[in-house]
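The structure appears right after this line, and notes come after that.
Computed from the coordinates by the stated procedures, all read-outs in this text should not be read as laboratory data. Only a predicted model underlies this, so the values are computations on that prediction, with no experimental measurement involved. Positions of Cβ are backbone-derived with ideal geometry, glycine not excepted, and every protein chain shown enters the neighbour counts.
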Amino acid sequence: MEPVSPTIPRKQRLATVWLAGCSGCHMSFLDLDEWLLELAQQADIVYSPVACDRKDYPAAVDICLVEGGVGNTDNLVLIQQVRANTTVLVSFGDCAVTANIPGMRNMLEGADPVLRRAYLELADGSGQRPHAPGIVPELLERVLPVHEVVPVDVYLPGCPPSASRIRAVVEPLLRGEWPELSGPDLIRFG
Ligand code: SF4
């Protein structure tokens, strides 16, 4: 059997991560439709809530799209694992970039008022606060945008970013180039 030529570029290792977000950014990723087939030629999806069932974030990831803010202790552990094992971390969508919708709870100034409001004051019957250490992750005091926790390499705004905007970021990254986002079609929030 012929040895594999060292000039053949290896496939990129791509991951997507879902933190405190609604999964809408991932739905927009799926809107890439047939381009996903091209993507599969160029990259292996090594971790993603929409593409594989792997539980632990793998090592040596080339590109990771991170949806959502950092809102609880599970998010905090995962984003640190992502940063430690990823070359290019993309802040994927407005919740990752600014905290956006999940960050609205920051107006109540702390995890305790949020839990009291949601589980006691607004309860129909006898309210009860969730408490299951090790099962239900604790809320952080504030929901943080990703860059307030770990360094971010690329910002991809939008709620959600359109499929074409996602492609405008991922395609150059797969070629080893930095994406150039400019103009309202590519950098507008919302
Ligand atoms: S940016 Fe918008 S679509 Fe994406 S997770 Fe947040 S709320 Fe959902």
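One table, with the values for the structure above:
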| item | result |
| --- | --- |
| Per-residue Cβ neighbour rank within 10 angstrom, fewest leading, THR73, THR98, THR16 | THR73, THR98, THR16 |
| Per-peptide average of other Cβ atoms within 10 Å, ordering 58-68, 168-178, 151-161 highest first | 58-68, 151-161, 168-178 |
| Fraction of antiparallel bridges per DSSP, segment 1-97 only, in percent to nearest 5 | 5 percent |
| Beta bridges per DSSP with both ends in the chain, % antiparallel, nearest 5 | 15 percent |
| Inter-probe distance in nm under a simple model that places probes 7 Å from Cα toward Cβ, at VAL136 and PHE189 | 3.1 nm |
| Space enclosed by the convex hull of the alpha-carbon atoms of the chain, per residue, Å³ | 146 Å³ |
| Cβ-Cβ FRET estimate between ARG129 and VAL77, R0 fixed at 25 Å, reported to 0.05 | 0.65 |
| Per-selection Kirkwood Rh - segment 12-59 (Cα, Å, 1 d.p.) | 11.5 Å |
| Charge sum, other residues only, whose C-beta stays under 11 Å from GLY93's C-beta, Lys/Arg counted +1 and Asp/Glu -1 | -1 |
| Built amide H within the under 5 Å cut-off of VAL88, gap 5+ | ILE63, CYS64 |
